[in-house]
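Quick notes on the structure that follows.
Every read-out reported here was derived from the displayed coordinates using simple, explicitly stated rules and does not represent laboratory data. A quick note: this is a predicted structure, and the numbers were derived from the prediction, not measured. Note that we place each Cβ from the backbone using ideal geometry, even for glycine, and neighbour counts take in every protein chain shown.
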Amino acid sequence: MPVTAHGQIFVVNYGYGNGTGAAIGKYNLDGSTVWASLVSGLVEPYGIAVSGSDLFVTSYAGTIAEYNATSGATVNPSLVSGLSSPAGIAVSGSDLFVVNSGGGTTGAGSIGEYTLGATPGTIASSNPSLVSGLTGPSDIAVSGSDLFVTYPYGNTIGKYTTSGVTVSASLVSGLWGPEGIAVSGSDLFVVNGGGNTIGEYTTSGGTVNASLVSLLSYPWGIAVFGPDLFVVNNSNTPMGTIAEYTTSGVTVNASLVTGLVSPTDVAVVPEPASFSLVALAGLGLLARRRRSGQR
């Protein structure tokens with residue numbers, strides 16, 4: 001059945017590797033285009049996270065940038081800089097969690113935490129080495145006080161707390177090139193880039209269905225929105241796509257959005273009607289001020 005909820009899809013186009021085609025696209029849940037190049041002129045964009053009117057994008061070149069999710073306007077192109085090949089990013093309240101892949105070098109990867117400032121485009125505090133000594137982490141999902149990280153080199157998912165404590169470095173093992181990860185309630189959904197599948201696991205590491213969805217075309221990023229999964233296929237012919245499935249593995253639309261250029265990540269959020277967008281922005285600002293001790 002078609003999705004009846006109202007939401008918007010944001011997708012990262014990594015481009016052709018020389019800056020051409022690198023952009024953030026924005027689409028409706030039915031696949032119609034809102035703005036194919038909401039943000040353009042990017043350099044090696046990789047991971048994406050959206051919170052209210054804030055859009056955060058990692059660049060493999062070493063930065064996190066902040067944009068307005070409605071207009072695409074630049075808030076701060078170097079919100080965080082000096083990172084080591086940052087890949088996946090997740091947002092929880094006023095906190096950003098980002099994985100530094102370290103270029104895949106053994107022990108060079110990490111998870112960093114950055115707290116947003118009261119003023120948009122600023123960082124109040126940072127801990128770039130919340131978790132260190134990792135090897136090639138790719139994506140991250142946050143749920144409550146837990147962080148879940150994929151390791152395509154080790155074919156595992158690791159679990160950590162938001163305070164940096166390791167729960168299990170190999171919560172789930174035996175995967176095949178896991179890239180994107182999303183969490184919904186007590187379920188983890190992970191894409192296996194090497195196996196062209198989506199697997200479902202519990203947040204405690206149990207296997208629900210290792211091949212919930214199969215026959216994908218090098219899936220990379222994944223997002224969950226209500227009862228549906230949205231997955232970017234990085235190497236479709238002739239170009240990349242966004243596919244939609246239910247969380248039970250039923251195909252809704254294998255080609256919901258087409259014509260993408262090496263898509264790497266996707267985020268899906270409720271559609272911000274003008275009044276609710278203002279409310280969300282106000283709540284976000286209030287939360288920032290409270291965290292920083294302002295009134």
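Computed per residue of the chain from DSSP H runs no shorter than four, each worth -39500 (n - 2.57), the mean residue ellipticity at 222 nm is -2000 deg cm²/dmol. Among 48, 123, 157, the largest mean-square fluctuation in a Gaussian network model of the chain, built with springs joining Cα atoms closer than 10 Å, belongs to 123.
The stretch between residue 173 and residue 6 holds 56.6 nm of extra length on full extension. This uses 0.36 nm per residue minus the Cα-Cα distance.
Would any residue of region 52-89 have its amide N under 11 Å from a label point 7 Å out along Cα→Cβ of residue 123? List them or say none. Only 63-65, 78-84 fall inside the zone, counting backbone N under 11 Å. Residue-wise HN-Hα couplings along region 170-181, as the Karplus relation 6.51 cos²θ - 1.76 cosθ + 1.60 with θ = phi - 60° gives them from phi, are 9, 4, 10, 10, x, 7, 9, x, x, 10, x, 9 Hz; Gly and Pro carry x. Distance between the modelled labels on residue 271 and residue 255, one decimal in nanometres: 2.4 nm (7 Å Cα→Cβ projection). Note on residue 202 and residue 105: the model spin-label points, each 7 Å out from Cα along the C-beta direction, lie 4.0 nm apart.
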